[in-house]
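Student: One structure coming up, written as structure tokens, with questions to follow.
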Amino acid sequence: MQLARFHRLKPCYYRLEGTRCAKCQTTHFPPRQRCNQCGATELQSVRLSRRGRVAAVTSIHQPSSGFPKGSQLMAAIVDLEDGVRLIAQLTDVEPEETSVGMAVEMVVRRLRTDNGDGPILYAYKFRPVLKRT
Amino acid sequence: MREVYIIGIGQTPVEEHWDRPLRELGAAATLAAIRDAQIEAPQALFVGNMLSGATCGQENLGTVIADFAGFNGIEAMKIETACASGGAAVRAAYLAVASGAHDVVVAVGVEKLTDLAIEDTTGALAGAADADYEAAHGITFTALNALMMRLYIERYGVRKDDFATFVINAHNHARGNPNAMFRKPVTLEDYARSPMVAEPICILDSSPVADGAAAVVLCSADRARSLCDRPIRILGSSLATDTIGLASRREILRCEAIRRSAQLAYKQAGVTPKDIDFVEVHDAFSIVAALSLEASGFVKDGQAIPFALEGNIDIPGSLPCSTRGGLKARGHPVGASGVYQVVEAVEQLRGQAGDTQVKDCRLALTQSVGGLASVAVTHILGN
């Protein structure tokens, strides 16, 4: 990924920022220019909830270039507690341990290293919620 | 808007064309369509293509194909709507004639995917989805379709193996198509043994990466009458979009772009789903075939699989689907597939479909879907 592009994405990738409509309070992710519910253009940046539940999950046997061959990436639709839905990688979990409804939380993890020795790209992923003692 | 007719079709076989470059495939289909229409040259050329830059380093594809086909100077442009690019090129050509801007034009879809290593093709195709919020995270195009299939299985309580009915049907129909990539039947056992690409999508759920080109000649009513004995009329043409990201949708399985484009096409043609004799669906993955039949109004939501299992999508059946093999077995040269669908529908309506001829057919629906059903193009054709 181009470095400038990655820097532009950092608020979303590191802090899970979306937009919220000042008029109808709809929250969007990815961030929008104009509210897709009411058409208002006055939108504010907002940090999304870091917790949610898995709505669907798949494990990827044939990855894109730039992602390790032979690894099984897991992708999930995640419903966040604030009602926003997004798609992200799951981490710290085996495919057979995943299930619909599983509680997950956001972490920032390495996405990939470009061209072997290029910049290391980090972004949000979701892991099973850790049990607190 | 003026009436628009199809008076010529052309296509190359769909396969791994190691020996033929992008421009040659595009020009070959274009010239075949010109010969079929018995005209000298079109006034404009609309080239449906998704990935010429990524796979061949070539953009400005309108000019390239016009030049290589020997039509220097004409209006020519590339039309891109990801996997629906072919359908969109037909739509652009339709609008050019309907508006009165041109009388005779060509829409050609062309794609060259097999020059790249599979992981690079996979990466390039992921650009049909959201580059920053899906593809960059390593979430492949197949994986996104797999998530839709998971939701579908969960919602409607169907079994993964039930989807085999679309695959078996497509391969059966490809046997009658000399241009199809896979002309051999597959069985439920083959499907059950097929390796996973992104669970629950297996290789046999997926259309193959391939090269190919298909073209149609479109013209106005008066030119059609003077040039052609049996012109096929385009009765409806529409394109609709949805959010680029799958997760931004309120109801993922509703496929609003498909729904909207189908409704617009029915309305323009003055017909209902019941009037359609056969349908070329965008069966890039078997889940998309199911969702397309539902969103296009042929069956209620959740009913596509029982509908298919009852034999309705076979030839003969109440609604034959993918009658020349579909994307699944004819092959899916991405930006060309939407034009192949129209060419195949014309073959059927002309009575030129050989072993897989749909008897007494008069009304066809073709539908090209791009991204995660984020764009859909529907055409209704009649003779």
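Student: Would you say residue B:169 is part of a helix (DSSP H, G or I), buried (at least 18 other Cβ atoms within 10 Å of the Cβ) and more than 12 Å from chain A (Cβ to nearest Cβ)?
Tutor: Yes; evaluated as a whole, the condition is true for this residue.
Yes/no matrix, rows are residues, columns are (1) assigned to a helix (DSSP H, G or I); (2) modelled with pLDDT of 95 or more; (3) under 22 Å from the mean Cα position of the chain (by Cα):
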| site | (1), (2), (3) |
| --- | --- |
| B:181 | no, yes, yes |
| B:189 | yes, yes, no |
| B:223 | yes, no, no |
| B:229 | no, no, no |
| B:247 | yes, yes, no |
| B:250 | no, no, no |
| B:257 | yes, yes, yes |
| B:266 | yes, yes, yes |
| B:274 | yes, yes, yes |
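Student: Which condition from (1) out of contact with any Asp or Glu (no Cβ under 6 Å at 6 or more places or on another chain); (2) farther than 26 Å from residue B:141 by Cα; (3) aliphatic (A, V, I, L, M) is the one that residue B:214 breaks?
Tutor: Just one mismatch for residue B:214, condition (2).
Student: Scan the stretch B:191-217 for residues that are assigned to a helix (DSSP H, G or I) and closer than 20 Å to residue B:113 by Cα and report the count.
Tutor: The number of residues fulfilling the criteria is 3.
Okay, residues lined up against (1) in the same structural domain as residue B:100 (by TED's automatic domain parsing); (2) closer than 25 Å to residue B:259 by Cα; (3) in contact (Cβ under 8 Å) with a residue 60 or more places away in the chain:
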| position | (1), (2), (3) |
| --- | --- |
| B:138 | no, no, no |
| B:160 | no, yes, no |
| B:164 | no, yes, yes |
| B:167 | no, yes, yes |
| B:186 | no, no, no |
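Student: Give the residues of the stretch B:56-111 that are on the phi > 0 side of the Ramachandran plot and either free of Cβ contacts under 8 Å to residues at least 60 places away in the same chain or in contact with a helix residue (DSSP H, G or I) (Cβ under 8 Å, 6 or more places away or on another chain) (or both), sorted by residue number.
Tutor: B:57, B:60, B:70, B:73, B:82
Student: Another one. Can you say whether residue B:251 is out of contact with any strand residue (DSSP E or B) (no Cβ under 8 Å at 6 or more places or on another chain), closer than 24 Å to residue B:166 by Cα, among the acidic types (Asp, Glu) and within 14 Å of chain A (Cβ to nearest Cβ), as far as the supplied structure shows?
Tutor: Answer is yes for this residue.
Student: Test each condition in (1) of a type outside the set (Phe, Trp, Tyr); (2) more than 21 Å from residue B:122 (Cα to Cα); (3) facing chain B (nearest Cβ under 10 Å); (4) touching a residue at least 60 places away in the same chain (Cβ under 8 Å) for residue A:52 and report the one that comes out false.
Tutor: (3)
Student: Collect the residues in the stretch B:299-311 that are crowded, with 18+ Cβ neighbours inside 10 Å and either free of Cβ contacts under 8 Å to residues at least 24 places away in the same chain or not assigned by TED's automatic domain parsing to the domain that holds residue B:159 (or both), keeping them in residue-number order.
Tutor: B:299, B:304, B:307
Student: I would also like to ask the following. Which is crowded, with 24+ Cβ neighbours inside 10 Å, of a type outside the set (Val, Ile, Thr), in contact with a strand residue (DSSP E or B) (Cβ under 6 Å, 6 or more places away or on another chain) and within 14 Å of another protein chain (Cβ to nearest Cβ), of B:146, B:107?
Tutor: B:146
Student: Looking at (1) in contact (Cβ under 8 Å) with a residue 40 or more places away in the chain; (2) outside the structural domain of residue A:130 (by TED's automatic domain parsing); (3) outside any loop (DSSP other than H, G, I, E, B), find the lone condition where residue A:1 falls short.
Tutor: Evaluating residue A:1 over (1) in contact (Cβ under 8 Å) with a residue 40 or more places away in the chain; (2) outside the structural domain of residue A:130 (by TED's automatic domain parsing); (3) outside any loop (DSSP other than H, G, I, E, B) leaves (3) as the failure.
Student: Please enumerate the residues belonging to the stretch B:328-383 that are assigned to a loop (DSSP other than H, G, I, E, B) and either more than 22 Å from residue B:254 (Cα to Cα) or free of Cβ contacts under 8 Å to residues at least 12 places away in the same chain (or both).
Tutor: B:331, B:333, B:351, B:352, B:353, B:357, B:358, B:359, B:360, B:361, B:362, B:383
Student: Follow-up question, since we're still on this one. Taking residue B:312, is it in contact with a Leu (Cβ under 7 Å, 6 or more places away or on another chain) and modelled with pLDDT under 95?
Tutor: For residue B:312, the condition - in contact with a Leu (Cβ under 7 Å, 6 or more places away or on another chain) and modelled with pLDDT under 95 - is not met.
Student: Any chance you could count how many residues in the stretch B:1-25 are under 17 Å from residue B:331 (Cβ atoms) and touching a Phe, Trp or Tyr at 6+ places or on another chain (Cβ under 7 Å)?
Tutor: Residues flagged as under 17 Å from residue B:331 (Cβ atoms) and touching a Phe, Trp or Tyr at 6+ places or on another chain (Cβ under 7 Å) within the stretch B:1-25 amount to 1.
Student: Having 2 or more residues that are away from chain B (no Cβ under 13 Å) is the bar; report the strands (runs of 3 or more DSSP E) wholly within the stretch A:63-124 that clear it.
Tutor: A:103-113
Student: Another one. Only one of these conditions is not met by residue B:116: (1) surrounded by fewer than 18 Cβ atoms within 10 Å (Cβ to Cβ); (2) modelled with pLDDT under 95. Which number is it?
Tutor: (1)
Student: Here is a further query. Within the stretch B:226-242, can you find the residues that are polar (S, T, N, Q) and over 30 Å from residue B:129 (Cα atoms)?
Tutor: Answer for the stretch B:226-242, where residues must be polar (S, T, N, Q) and over 30 Å from residue B:129 (Cα atoms): just B:226.
Student: Does residue B:174 count as touching a residue at least 24 places away in the same chain (Cβ under 8 Å), surrounded by fewer than 23 Cβ atoms within 10 Å (Cβ to Cβ) and assigned by TED's automatic domain parsing to the domain that holds residue B:271?
Tutor: The answer is no for residue B:174.
Student: Can you work out which of the residues in the stretch A:35-62 that are of a type in the set (Ser, Thr, Tyr) and not in a strand (DSSP E or B) is nearest to residue B:201 (Cα to Cα)?
Tutor: Among them, the one singled out is A:49.
Student: For residues in the stretch A:29-43 being under 20 Å from residue B:132 (Cβ atoms) and without any contact (Cβ under 8 Å) to a residue 40 or more places away in the chain, which is nearest to the other protein chains (Cβ to nearest Cβ)?
Tutor: Across the stretch A:29-43, the extreme among qualifying residues is A:30.
Student: Separate question: I'd like to know if the stretch A:4-19 contains one or more residues that are over 13 Å from the mean Cα position of the chain (by Cα) and either part of a strand (DSSP E or B) or of a type in the set (Asp, Glu) (or both).
Tutor: Yes, the stretch A:4-19 contains at least one residue that is over 13 Å from the mean Cα position of the chain (by Cα) and either part of a strand (DSSP E or B) or of a type in the set (Asp, Glu) (or both).
The values are calculated or read from the model by the stated rules, or taken from the named source; none is laboratory data. Because the structure is a prediction, the values reported are computed rather than measured. All Cβ positions, glycine included, derive from the backbone under ideal geometry; neighbour counts span all protein chains shown.
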